[in-house]
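Bear in mind that the values in this text are calculations on the coordinates, not laboratory data. Please read all numbers here as calculations on a predicted model, not as lab measurements. Glycine gets a Cβ as well: all are built from the backbone with ideal geometry, and neighbour counts include every protein chain shown.
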Amino acid sequence: MRQFLNERLPLAEFSAHLRKPLPKHINLLFSLGSLAMFLLLLQAATGAFLALYYSPSPEHAHNAVTYISEEVPFGSFVRGLHHWGASAMVIIVFLHLLRVVIYSSYKAPRELTWIVGVLLLLVVLGFGFTGYLLPWDEKAYWATVVGVEIASTAPILGDFVAKVLRGGTEIGAVTLSRFYALHTIWLPWLAFGLVGVHLFFVRYYGSSGTPQNTPEEIKMGKPFYPDQVFEDVVGMLILFVALAAAALFMSVPLEDVADPTNASYDPRPEWYFLFLFQLLKYFQGPLEIVGTFVIPTVGMVLLLFLPFLDKSERAVLWKRPVALTVTTVCVVGIVGLTILGASSPKLETTDSTVVQEAPQPTEEVQEVSTPDTEEGEEVFDFQLTEEEIEGTQEDEEVFDFQLTEEELQ
Ligand code: HEM
């Protein structure tokens with residue numbers, strides 16, 4: 001069998017490639033990229049399981065998530081892995097970025113690896129933003145209202161982007177299916193495509209190692225396989241155990257079903273967007289755009305072009321005073337704003353932010369079956385207009401009923 005494959009595939013070359021030595025001074029921080037990749041795969045696997053039960057419509061989404069958490073075997077565990085995995089992904093990718101900055105691994109010839117990395121960071125944040133709406137509970141709904149309003153403040157394209165995200169003028173059924181499509185089709189394709197390119201660059205240029213390596217030492221370290229692979233796999237196992245413990249012992253929040261008329265709700269995004277959210281509080285009125293658009297965009301552009309802006313010699317971060325100061329200010333700023341955002345009360349909104357009109361009443365009677373509640377008992381949702389109840393036409397309002405099968409008979 002081995003001979004058969006050897007004759008047909010370049011296995012010897014592949015094996016030699018895998019066994020190529022890494023730079024001499026490599027430490028545990030060099031496993032962070034592999035951990036990010038592991039988390040991406042874990043998110044894909046757990047997400048695929050959740051998609052078996054989830055339904056992206058305002059009538060079903062919340063019920064489906066409740067059903068996954070309470071009825072589906074291992075549903076709560078898998079949902080927990082997906083939920084805590086998302087947070088872990090943001091932390092690990094951020095730490096991986098910091099490691100690249102600390103050892104100035106973004107410098108020539110690795111500028112393209114860095115640029116693809118920044119795009120991956122945006123994709124990871126995109127996963128977080130689109131996934132947050134899917135449970136269709138109060139926090140999901142109102143955080144998305146704020147998020148889309150923020151997008152709409154961008155000059156020229158803002159309104160267009162907001163309209164495309166919402167699929168109309170309000171957040172509703174079309175928004176939910178758009179976010180679901182982005183979360184489960186567009187972003188995963190983009191993520192795996194970009195990771196493929198990222199890894200190709202990483203292998204093509206070889207690992208940069210730490211700046212203390214002499215040119216000879218770059219090819220004198222342990223081999224990628226089996227040594228580095230073994231360390232990476234141990235890291236993945238430890239990470240998985242930590243996530244499994246979180247999934248088992250920490251419940252994943254699910255608030256009441258989204259109520260678009262509840263404008264008094266205190267909107268809060270996922271923790272990794274809190275620093276941006278907090279930033280908005282310092283720029284109100286005509287200055288709002290500074291917090292919603294100018295600072296985030298300038299920050300992202302500077303990050304993207306960092307390898308071309310930083311022309312200093314390659315050295316570890318603490319030997320580069322300017323880079324050290326900028327990195328420290330950014331990290332302390334982001335962490336500080338996140339803490340402030342987490343502990344502060346409701347966002348003070350200006351006229352243009354947040355408030356969305358209540359949805360139009362539905363005229364048709366809808367019947368939708370939902371996942372089972374108790375054994376054998378099905379719940380039916382009816383929406384009846386006031387007209388159908390009282391025979392009037394003016395000021396139609398929608399009434400929601402939930403009747404069990406038993407009550408129907
Ligand atoms: C889903 C997100 C990401 C994945 C799966 C990923 C994966 C990897 C892997 C496996 C490596 C090689 C091992 C290592 O050096 O840790 C690597 C290296 C690298 N990554 Fe990422 N990465 C991601 C995000 C990022 C981000 C956000 C940046 C920076 C903005 C970045 C920049 C780099 C650079 C410059 C290298 C080369 C480092 C060197 O040669 O020493 N990556 N990445």
Open item on the list: Step by step: first the residues of segment 11-58, then only those that are more than 16 Å from the chain's Cα centre (by Cα) and of a type in the set (S, T, N, Q), then the one that is farthest from the ligand (Cβ to nearest atom). Which residue is that?
Closed with: Ser57
Open item on the list: Taking the conditions exactly as written (in contact (Cβ under 8 Å) with a residue 60 or more places away in the chain and either buried (at least 20 other Cβ atoms within 10 Å of the Cβ) or among the polar types (S, T, N, Q) (or both)), does Gly80 satisfy them or not?
Closed with: yes
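This table checks each residue for (1) over 30 Å from Asn27 (Cα atoms); (2) in contact with a helix residue (DSSP H, G or I) (Cβ under 8 Å, 6 or more places away or on another chain); (3) surrounded by fewer than 18 Cβ atoms within 10 Å (Cβ to Cβ).
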site	(1), (2), (3)
Val148	yes, yes, no
Arg178	yes, yes, no
Leu182	yes, yes, no
Leu187	yes, yes, no
Gly209	no, yes, no
Asn213	no, no, no
Glu216	no, no, yes
Asp227	no, no, yes
Leu239	no, yes, no
TODO: May I ask you to list the residues in segment 282-303 that are in contact (Cβ under 8 Å) with a residue 40 or more places away in the chain and touching a Gly at 6+ places or on another chain (Cβ under 8 Å)?
DONE: Phe293
- [ ] Filter segment 93-119 for residues that are surrounded by fewer than 21 Cβ atoms within 10 Å (Cβ to Cβ), more than 17 Å from Ile26 (Cα to Cα), near the ligand (Cβ under 10 Å from one of its atoms) and aliphatic (A, V, I, L, M) and give the result.
- [x] Leu112, Ile115, Val116, Val118, Leu119
TODO: Could you give me the residue pairs with C-beta distances under 9 Å whose first residue belongs to segment 124-140 and is under 16 Å from Ala258 (Cβ atoms), whose second residue is within 16 Å of the ligand (Cβ to nearest atom) and among the aromatic types (Phe, Trp, Tyr) wherever it lies, and which are 6+ apart or on separate chains?
DONE: Thr130/Trp186
Task: Flag if Leu39 is over 22 Å from Ser208 (Cβ atoms) and in a helix (DSSP H, G or I) - done: yes
TODO: Return the total of residues in segment 17-36 being in a loop (DSSP other than H, G, I, E, B) and not charged (D, E, K, R).
DONE: 5
Open item on the list: Within segment 141-153, does at least one residue satisfy the condition of being within 12 Å of the ligand (Cβ to nearest atom) and either under 19 Å from Ser57 (Cα atoms) or assigned to a helix (DSSP H, G or I) (or both)?
Closed with: no
Open item on the list: Please verify whether Glu217 is in contact with a Lys or Arg (Cβ under 6 Å, 6 or more places away or on another chain) and of a type outside the set (Lys, Arg), treating the condition exactly as stated.
Closed with: yes
TODO: Confirm whether Ile185 is more than 16 Å from the ligand (Cβ to nearest atom) and in a loop (DSSP other than H, G, I, E, B).
DONE: no
- [ ] Kindly indicate whether Ala61 is more than 21 Å from Leu28 (Cβ to Cβ) and under 21 Å from the mean Cα position of the chain (by Cα).
- [x] yes
